[in-house]
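The values are calculated or read from the model by the stated rules, or taken from the named source; none is laboratory data. Only a predicted model underlies this, so the values are computations on that prediction, with no experimental measurement involved. Glycine also receives a Cβ, built like all others from the backbone with ideal geometry; neighbour counts cover every protein chain displayed. Quick note on the areas: whole protein, heavy atoms, side chains included, nothing else; ligands and nucleic acids left out. Shrake-Rupley method; radii C 1.70, N 1.55, O 1.52, S 1.80 Å.
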Amino acid sequence: MNIRRAAFRRLTQAMTFRHHPPMMMFLARDAGYLAFLLLAQAQITGRERDLSFTEMSADLGVSRTHIRNLFREAEAAGYVRLNIRGTCPVEITPSLWASYERFLADVQVGQHVIAQVAFAIDSQKVEQDASPQVVQT
């Protein structure tokens, strides 16, 4: 299957993630998206109290300062809330959750488009391989 070729043919659809500024903020930073995923997982599973900047930095191989600065910038943009009393050090806001849902939907649509193109490329190749070859003698 020609996934790479298909991705380049449909690069615009493959890069729809750029249209999601909240997610781009995390994607553009070292370990930013993974830090977001750790936080999201902790919130979804109810383990917010177990999560700390120290634990995140150790898991992701970046400094605690880097994690703290990432989430401070996210708080300034309105994507998270810091220092929630009695819970985790960071809480994802409803607007960031909504943005993440739209981001995932767009990524899945982009992958579907790329897969369709890859299958079309492969079927064209199969048709070309199956066509009779004229042999010159």
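At a glance:
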quantity	calculated
Which numbered condition G78 misses (of (1) outside any loop (DSSP other than H, G, I, E, B); (2) modelled with pLDDT of 75 or more)	(1)
The range 87-106 residues that are more than 17 Å from L38 (Cβ to Cβ), paired with ones that are open to solvent by less than 40 Å² (accessible area, probe 1.4 Å) and of a type in the set (S, T, N, Q) (beta carbon under 8 Å, 6 or more apart)	D106/T16
Every residue from the range 86-98 that is farther than 21 Å from R68 by Cβ and either touching a Ser or Thr at 6+ places or on another chain (Cβ under 9 Å) or surrounded by 18 or more Cβ atoms within 10 Å (Cβ to Cβ) (or both)	none
Every residue from the range 16-61 that is buried (at least 16 other Cβ atoms within 10 Å of the Cβ) and outside any helix (DSSP H, G or I)	H20, R29, A31, L51
Every residue from the range 51-74 that is free of Cβ contacts under 8 Å to residues at least 12 places away in the same chain and of a type outside the set (A, V, I, L, M, F, W, C)	T54, E55, S57, S63, R64, T65, N69, R72
